[in-house]
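Input: a single structure, listed below in structure tokens.
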Amino acid sequence: MKPQSQPIEVAAGLIFKDGRLLIAQRKEKAHLGGLWEFPGGKKEHGETLPDCLVREIHEELQIQIVVDSFYQQIDHRYPDKFVRLHFYLCRWQAGQGSAIGCQDFKWVDLKQLAGFAFPAADAALLSRLLKDDAIWK
């Protein structure tokens, strides 16, 4: 199978609440199933990345968020797909959460984050998050 040349545009949220960060576990049968990720999803035609993020978080987790600022972009090529991940700093606004579009979700603190397995595409971001104490406050 020939890999795609145009990236899949994905918005992902670094969603904070009371010094904890929201992570979600991918469904077992999904691409990279069982791994943890920062929730979000694919951008639809005509949609801005922040609007995509608000929509996806509500659809998949039943949580309302506020998107504050862009944090980092990562381009990653898997054997069968090319993704462009746009990470945004966000704040939880409302909702208790429900694992609708994921297997599980957790609010983790800085010390707990390193204990979860994430896709290879998130390695640089994880390294930055583990050093960036200011965003956890």
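The values are calculated or read from the model by the stated rules, or taken from the named source; none is laboratory data. Since we're looking at a predicted model, the values are computed, not measured. Counting neighbours? That spans all protein chains shown, and the Cβs are built from the backbone with ideal geometry, glycine included.
Structure summary
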{"item": "Test: residue 109 is modelled with pLDDT of 95 or more, exposed (fewer than 13 other Cβ atoms within 10 Å of the Cβ) and charged (D, E, K, R)", "result": "yes"}
{"item": "Failed criterion for residue 83 (all others in (1) closer than 18 Å to residue 24 by Cβ; (2) at pLDDT 95 or above hold)", "result": "(2)"}
{"item": "Residue match in the stretch 29-44 (condition: under 27 Å from residue 137 (Cβ atoms), touching a strand residue (DSSP E or B) at 6+ places or on another chain (Cβ under 7 Å) and either hydroxyl-bearing (Ser, Thr, Tyr) or not in a strand (DSSP E or B) (or both))", "result": "yes"}
{"item": "Subset of the stretch 1-30 [in contact (Cβ under 8 Å) with a residue 40 or more places away in the chain, under 18 Å from residue 77 (Cα atoms) and surrounded by fewer than 19 Cβ atoms within 10 Å (Cβ to Cβ)]", "result": "1, 3, 4, 5, 6, 7, 8, 9"}
{"item": "Residues within the stretch 39-65 that are loosely packed, with under 13 Cβ neighbours inside 10 Å and either basic (Lys, Arg) or in contact with a Cys (Cβ under 8 Å, 6 or more places away or on another chain) (or both), tallied", "result": "2"}
{"item": "Lone qualifier among 100, 74, 135, 65 - being touching a strand residue (DSSP E or B) at 6+ places or on another chain (Cβ under 9 Å), closer than 17 Å to residue 24 by Cα, touching a residue at least 12 places away in the same chain (Cβ under 8 Å) and among the β-branched types (Val, Ile, Thr)", "result": "65"}
{"item": "Spans of helices (runs of 4 or more DSSP H) in the stretch 47-137 with at least 3 residues under 24 Å from residue 33 (Cα atoms) and touching a helix residue (DSSP H, G or I) at 6+ places or on another chain (Cβ under 8 Å)", "result": "123-131"}
